[in-house]
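S.K.: To start, I am sharing the structure in question, which I have written as structure tokens.
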Ligand code: ADP
């Protein structure tokens, strides 16, 4: 059974086609610069990379080319072989607590929710409509980044602001990376044969969030109303005092949008180091004795330690800490610094195991550790495909 997982942006469309019997990706690819000059696609198939520049007027055009290529490369014999399509959706607001089959009313809701994801939700809708135009008979499923976090209670999701901001305008914590945290929680529960774990899941990539999970359900998460909140990230500030915003607006003569842009795009590792948003560059810089990189790394690590400590208390202790995403899966120095900062909780790292783990599932804590620590490579695409198959069945 073949299922396609789709992640569409306003000018891009990423996809993976899964053979669900083996859970293997048969082909994956990226269509870029849709609707702007310089359209191009990249396909990864049987170890080869196929790159072609081609005008992509809109998402429909991209979908048509994609499906033609699947036939031309003989990945599938006919389009009927694609039995379902799962779409990643950034915001499902409060309404969508689980993945759903896509209907007209779901599409209308996503358009209505665009205030919560102005760049993403309209793009998801464009991609859904494009697939529906080209493959009208194939069932489609929406998988929301926010839905895993809908189990938070109001103590976790409310902000201490005038309550009517929540009731009138939906100002609350929604969180993000939910599909990844759900995948990590499910994977570790299956590996340890235990559905009743207290897990702290650390998704640390370019964006990053930490989630407290109990019995497979989200208790709290570090991202907030938007993905700007929480831990320090590659270019995002994470939590700051909001009074900084009007203060800097006045000093720099910028408007609110420019201030928020600076917090989203010029802060985090990039902002503090004035050097790079990429953790590899920062760690190299630290090894070369660059103080700006050390400053950025130390602050980054501290915000992660602070959130893990907060959630350790929130959960009343913790069975497993998981690291995932670009930095979490690959950067042993970052994991080591975080775990060293948690030593007072009785957490003991297995130094060799940590140093030797890059992008693979592994336990990196010592047997004497009070909390088990694992690296769990995330797979949001597979989770989307799995939800799709579950719903269309
Ligand atoms: P995104 O949030 O965009 O999905 P990823 O999860 O792919 O990001 O993570 C990207 C980040 O992971 C990069 O910016 C880089 O800092 C970091 N990263 C990737 N590989 C390594 C590595 N080998 N060592 C350290 N950091 C890495």
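S.K.: Can you tell me the length gained on complete extension of the stretch residue 22 to residue 129, counting 0.36 nm per residue apart and subtracting the Cα distance?
M.R.: Stretched out fully, the residue 22 to residue 129 stretch lengthens by 35.6 nm.
S.K.: Give me the distance between the Cα centres of the range 102-125 and the range 1-67, rounded to whole Å.
M.R.: Measuring centre to centre over Cα atoms gives 21 Å.
S.K.: Additional query: Rounded, prolate or oblate: which fits the range 248-356 when a ≥ b ≥ c are the square roots of the eigenvalues of the alpha-carbon gyration tensor, with rounded for a/c under 1.5 and prolate only if a/b beats b/c?
M.R.: Judged from the Cα gyration tensor, the range 248-356 comes out oblate (a/c at least 1.5, b/c at or above a/b).
S.K.: Shifting gears a bit: Quick one: grab the alpha carbon gyration tensor of the range 1-111, order the square roots of its eigenvalues as a ≥ b ≥ c, and give me rounded if a/c is under 1.5, else prolate or oblate depending on whether a/b is larger than b/c.
M.R.: oblate
S.K.: Taking 7 Å along the Cα-to-C-beta vector as the label spot, tell me the residue 355-residue 80 distance in nanometres, rounded to one decimal.
M.R.: In this crude label model, residue 355 to residue 80 measures out at 5.8 nm.
S.K.: So, in nm, how far is label residue 256 from label residue 195 when the simple model puts each one 7 Å beyond its Cα toward the Cβ?
M.R.: So the two model labels end up 4.5 nm from each other.
S.K.: Return the calculated 222 nm mean residue ellipticity for the chain, to the nearest 500 deg cm²/dmol, obtained by summing -39500 (n - 2.57) across DSSP H runs with n ≥ 4 and dividing by the residue count.
M.R.: So the calculated ellipticity at 222 nm is -11500 deg cm²/dmol.
S.K.: Kindly provide log₁₀ I(q)/I(0) values, in the same order as q = 0.08 Å⁻¹, from the Debye equation applied to equal alpha-carbon scatterers of the chain.
M.R.: -0.44
S.K.: Using only Cα atoms and rounding to the nearest 10 degrees, what angle (0 to 90) does helix 178-191 make with the longest principal axis of the chain?
M.R.: For 178-191 against the chain, the angle is about 80 degrees.
S.K.: Please work out the C-alpha center-to-center distance from the range 202-232 to the range 297-327 and express it in whole Å.
M.R.: The distance from the Cα centre of the range 202-232 to that of the range 297-327 comes to 10 Å.
S.K.: For each of 168, 191, count neighbouring Cβ atoms within 10 Å of the residue's Cβ, then give the residues from fewest to most.
M.R.: 168, 191
S.K.: Where does helix 380-392 land angle-wise versus the long Cα axis of the chain, in degrees 0 to 90, nearest 10?
M.R.: Between helix and principal axis, roughly 50 degrees.
S.K.: State the extension gain, in nm to one decimal, for the chain segment bounded by residue 137 and residue 114, taking 0.36 nm per residue of separation less the distance between their alpha-carbons.
M.R.: 5.6 nm
S.K.: Between the helical axis of 59-72 and the dominant principal axis of the chain, each derived from Cα atoms, what acute angle in degrees is found, rounded to the nearest 10?
M.R.: Approximately 70 degrees, to the nearest ten.
S.K.: Determine the distance separating the Cα centre of the range 242-290 from the Cα centre of the range 143-161; give it in Å without decimals.
M.R.: 27
S.K.: Per residue and in Å³, how big is the convex hull formed by the alpha-carbon atoms of the range 121-173?
M.R.: 104
S.K.: Same structure, new question: Which of rounded, prolate, oblate describes the range 180-295, given a ≥ b ≥ c as roots of the alpha-carbon gyration tensor eigenvalues and a/c under 1.5 marking rounded, otherwise prolate only if a/b is larger than b/c?
M.R.: Because a/c hits 1.5 or more and a/b fails to exceed b/c, the range 180-295 counts as oblate.
S.K.: Here is a further query. For residue 97 paired with residue 51, estimate the spin-label separation in nm (one decimal), with each label point 7 Å from Cα along the Cα-to-Cβ line.
M.R.: 4.7
FYI, it's all coordinate maths here, none of it is from the lab. As the structure is a computational prediction, the values presented were derived from the model and not from experiment. When we count neighbours, we look across all protein chains shown, and the Cβ atoms used for this are built from the backbone with ideal geometry, even at glycine.
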